[in-house]
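Report on the following structure.
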Amino acid sequence: MAVIRYAGRSFSVMEGESALEALLAADDEIPNHCRSGVCQSCVMQLVAGKIDPRAQKGLKDSWQAQGLFLACQCYPDQDLEIRLPAADRMRVGCLVTGHDKLSGGIVRLRLRPQSLFDYHPGQYVTLWRDSALGRNYSLASVPLLDGDELEFHIKRFSNGRLSSWLCDCVNIGDRIELQGPGGYCFYTGGDAGQDLLLAGTGTGLAPLYGILRDALQRGHTGQIHLYHGAVNADGLYLHEALQGLVATHQNLHYHPCALTKSPGRCNDIRVEDLDQLLRCERSGLQGWKVYLCGPDEFVKKQRRHCFLAGAGLKDIYADAFIDYSQSS
Ligand code: FES
């Protein structure tokens with residue numbers, strides 16, 4: 001008989017009983033639905049111990065890397081400690097170490113956490129102004145390249161309370177709090193020769209920039225196609241930095257595109273809608289891994305397109321943004 005530690009209590013698991021059944025038998029409210037490994041509503045996270053790989057069958061690589069598993073498919077044969085995902089994320093105090101304006105009105109914010117902070121490039125954290133106002137932002141930094149500094153790309157919305165504060169009021173030397181990380185849109189290694197499609201609009205580039213640099217520094221050898229769309233060329237705010245990466249990595253292909261032509265700007269910028277461009281140029285995605293970041297509508301459309309173009313659902317990672325300008 002194995003014992004599960006969960007939420008400060010111990011639960012005995014009988015032979016042939018799943019972790020979910022053991023927790024539910026003790027009246028604990030664990031989300032669940034199908035109880036047959038299909039709906040994934042019973043996802044939990046391993047803290048200590050070892051689970052049978054069958055409990056992770058069908059989960060994305062990045063979920064598995066975080067120790068997530070299906071409680072209804074987990075039949076423990078040894079003692080485990082488990083929790084609900086993200087149940088214990090604490091706020092971490094950070095020092096503002098960088099605050100500079102990029103093109104397109106984007107601010108690059110750099111923070112140094114005051115305590116140990118582990119994350120995968122491309123995950124998101126919640127940045128807090130005070131106890132009540134917080135918003136999610138994606139991590140563009142890479143621990144092995146950027147040390148203990150975290151990088152965020154902030155677009156200022158005219159009526160966005162947090163984005164205005166981050167862009168206009170925060171200064172180097174200030175202290176702010178973050179909470180996280182969360183999300184499963186990150187590079188997991190695995191097959192280094194697999195082709196990658198990274199596509200995003202606006203500051204959807206932030207997580208993609210982290211994922212891209214993480215893949216490159218970990219020696220990814222497959223072809224990597226990065227598509228970045230913006231309203232105009234100014235919105236392609238890391239154009240030169242990305243061209244620099246292309247110059248040093250033969251397997252990287254950068255496809256910037258804008259909805260409107262900007263006189264005097266580089267002629268390698270396509271004047272086209274990103275959604276249309278991807279439909280035309282990426283019609284065969286069998287065996288590819290795909291990362292989609294940007295507004296919810298863009299992500300939904302492209303997830304469907306990429307699936308129809310042959311990418312497996314398990315290989316499509318997405319980070320959809322909510323437009324806070326409508327609510328704050
Ligand atoms: S309850 Fe549906 S996968 Fe576990």
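What follows draws every value from the coordinates through simple rules; no lab data is involved. Just so it is clear, the structure is predicted and the values come from calculations on it, not from any experiment. Using ideal geometry, Cβ is built from the backbone for each residue, glycine included, and neighbour counts are taken over all protein chains shown.
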Within the chain, percent of DSSP bridges classed antiparallel, to nearest 5: 55
Radius of gyration and maximum dimension Dmax of the chain, Cα, Å: 21.3, 72
Distance between modelled label sites at His253 and Glu272, nm, 7 Å Cα→Cβ extension: 1.1
Cα→Cβ-extended label distance, 7 Å offset, between Ser158 and Lys300, nm: 2.6
Estimated distance in nm for a label pair at Val38 and Gln78, the labels positioned 7 Å out from Cα along Cα-to-Cβ: 3.3
Two-decimal log10 I(q)/I(0) for segment 2-83, as the Debye equation yields it once each C-alpha is a single scatterer, q = 0.25 Å⁻¹: -1.32
Segment Asp191-Asp118, length gained on full extension (0.36 nm per residue, minus Cα span): 24.0 nm
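For Thr221, Thr188, Thr126, what's the fewest-to-most ordering of other Cβ within 10 Å of each Cβ? List each step's numbers first, then the result.
Numbers: Thr221 12, Thr188 20, Thr126 17.
The fewest-first ordering by Cβ neighbours comes to Thr221, Thr126, Thr188.
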Choice from Ser138, Ser283, Ser163 with maximal GNM fluctuation in the chain (Cα, 10 Å cutoff): Ser283
Rounded to the nearest 20 debye, dipole of the chain from Cβ charges on Lys, Arg, Asp, Glu: 640
Geometric extent, Cα atoms of segment 82-241 - Rg, Dmax (angstrom): 15.8, 48
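Would you calculate the convex hull of the Cα atoms in segment 209-281 and tell me its volume per residue in Å³?
On the way: hull volume 6.8 nm³, N = 73.
Convex hull volume per residue, Cα atoms: 93 Å³.
Which percent of the Cα-Cα distances in segment 91-182 go past 20 Å?
On the way: 1099 of 4186 pairs.
Counting every Cα pair in segment 91-182, those more than 20 Å apart make up 26 percent.
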Expected-Rg normalisation [2.2 N^0.38 Å, Cα atoms] applied to segment 196-326: 1.00
Helix 239-248 vs. the chain, principal-axis angle (Cα, 0 to 90°, nearest 10): 70
